[in-house]
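Asker: Sending over a structure as structure tokens; questions will come in a sec.
Just so it is clear, none of the values below were taken in a lab; they were calculated from the coordinates. Source: prediction; values computed, not measured. Cβ atoms come from the backbone with ideal geometry, glycine included; neighbour counts cover every protein chain shown.
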């Protein structure tokens, strides 16, 4: 970390510098608790989504404040406990209540089953998407795809595009098979995960993870298709004898020649 190792920690200065983050922290923390106070009988899927969404933003802002706080020093905050310094008291009198506040807001908001379930599901969806990304990145390093060369001119681009397409298609097939199996065996499938309904044991979390794998697979099917199409397009352009052919096709497609001719005729009539 590069921090203010030679300067004293001034809490008032830190609060002023990060005032915008503290404002966001308070706003989204208040929204989370406000939505969580609705009676159980009026709770709906979208209310739970609102609770969890505001709660996730609250967590992100809290982590940002934590990051900026740690930047103030050359060591971790834990060192202020085991290695007391002159500014340790000032740091700990802020850090301890700050963490207790974060912890209390999380406990109050997540005590509702549907909200807590959605938090776990949302996290596992991102883990599922990251799994596909990790598999593709691993293959990229193992098979030497780090340097693809020029799109449209290097055959390694085609090989990598096909590799990415195969991996994503297999991921989509496996995830669809798994979700269908969970739906048939435990009655928890696409409809239940979309409506954020509770299910038996860890089944909702497994289905959420598979849903993330499916989402990531679809994303990379699209990306691999775009990569292969772009490679083909640039390769076709390179095969043209002269660049004028490209401009001629462009003019024909968008009717530029016709409009130019009409303009010249209009100019002649004006004369």
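Asker: Grab the beta carbon distance between residue 103 and residue 156, set R0 = 51 Å, and tell me the FRET efficiency rounded to 0.05.
Answerer: After rounding to 0.05, the efficiency reads 0.55.
Asker: What order do you get for 168-174, 13-19 when each peptide is scored by the mean count of other beta carbon atoms within 10 Å, highest first?
Answerer: 168-174, 13-19
Asker: Right, here's the next one. Ignoring solvent entirely, what values of log10 I(q)/I(0) come out of the Debye formula for region 165-238 at 0.16, 0.19 Å⁻¹ when each Cα is a single scatterer?
Answerer: Rounded to two decimals, the profile gives -0.60, -0.73.
Asker: Under a crude label model (7 Å from the Cα following the beta-carbon direction), how far is residue 93 from residue 219 in nanometres?
Answerer: 4.5 nm
Asker: Taking the Cα-to-Cβ direction at residue 130 and at residue 237 and moving 7 Å from each Cα, how far apart do the two end points lie in nm?
Answerer: 3.7 nm
Asker: Taking the Cα atoms of region 115-239, what is the range of coordinates along each of the three principal axes, in descending order and whole Å?
Answerer: 58, 23, 23
Asker: Counting just the Cα atoms, what span does region 139-186 cover along each of its three principal axes? Round to the nearest Å and put the largest first.
Answerer: For region 139-186, the Cα spread along each principal axis is 49, 20, 9 Å.
Asker: Separate question: Can you tell me the equivalent ellipsoid semi-axes for region 195-238? Use √(5λ) from the Cα gyration tensor, largest first, whole Å.
Answerer: Semi-axes (√(5λ), whole Å): 40, 7, 4.
Asker: For residue 252 and residue 173 in the same chain, what is the full-extension length gain: residue separation times 0.36 nm, less their Cα-Cα distance, in nm?
Answerer: Gain on stretching residue 252 to residue 173: 24.1 nm.
Asker: I want to check the label-to-label distance for residue 34 and residue 63. Put each point 7 Å from Cα in the C-beta direction and report it in nm to one decimal.
Answerer: Label-label distance for residue 34 and residue 63, simple model: 2.5 nm.
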